[in-house]
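Structure record follows, encoded as structure tokens.
Just so it is clear, none of the values below were taken in a lab; they were calculated from the coordinates. Note that the structure is predicted; figures quoted are calculated from it, not measured. Reconstructed Cβ throughout: ideal geometry from the backbone, glycine too, with neighbour counts over all protein chains shown.
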Amino acid sequence: MNLDRRAMEKEMQQAGRLPPGQALTVKFPVLHYGAVPAFDESTWRLRIWGAVDHEVQLTWQAFNALPKVRLTMDLHCVTKWSKFDTTWEGVYLATLLQEIGMTVLPQANYVIQHAPEGYTTNLPVRIALAENFLLATGFEGQPLSPEHGYPLRGVLGAIPGRKDLKDIYLWKGAKWLNGLEFSTQDQPGFWEQAGYHNEGEVWLEQRAA
């Protein structure tokens, strides 16, 4: 198996898909801070607010009714593993905004993702609206597992061949997502305040500030 992994890693490297400092994994490591939160469908809400024309809170049923896409991406973790050709199901942020009739104000520059226990992470609006950021509900044809962010997580990945998109480390998508705050000012989140790079571009190896 180790020989197979090394062969796959070499293949990805030759294809220009393995970023510097990264190693291929066939597993899906579980990394997060704190305990896995419980999910109660009857009380769960996704709140969208801030520099928008009106605030919205979506129930789990309402979110699940939004149009979904399936997207295959390579994942790159700041802890130096990469997992290739992963398939996700979820909702694009642009689709969410269109479906709920929400207008983002021109002065909104950042989207702050909120999760339980006050956890946050930040993204520029332009990156959150790109095709390699997904509000994900499923992974490899199944609902997300609790340890990987059920019921909803932000996922950032690399779409093979799409050089027009910025590849951002996976931590910049929050697990157990329950809020999207559009902000005129940057608000570095949990890991950014702990010393991680504020932008997290993969090919520039922006791991630490």
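Summary table below
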item	result
Helix-only [θ]222 nm of the chain, DSSP H runs n ≥ 4, -39500 (n - 2.57) each, per residue, nearest 500	-4000 deg cm²/dmol
Kirkwood Rh in Å, taken over the chain so that all alpha-carbon pairs contribute	17.5 Å
At 1.567 mPa s and 4 °C, Stokes diffusion of region 93-209 via Kirkwood alpha-carbon radius, µm² per second	88 µm²/s
Placed amide H near Asp167: partners under 5 Å, 5+ positions off or other chain	Val202, Trp203
Inter-centroid distance (Cα atoms) of region 19-75 relative to region 130-197, Å	7 Å
Candidate lysines for bridging to Lys10, where Cα separation is under 25 Å - those fewer than 8 sequence places away on the same chain excluded	Lys27, Lys80, Lys83, Lys163, Lys166
Neighbourhood net charge (10 Å Cβ-Cβ; Lys/Arg +1, Asp/Glu -1) for Leu134	+1
10 Å beta-carbon shell around Phe28, net charge (K/R +1, D/E -1)	0
Crossing angle, helix 2-14 versus the chain [Cα axis fit, 0-90 degrees, rounded to tens]	70 degrees
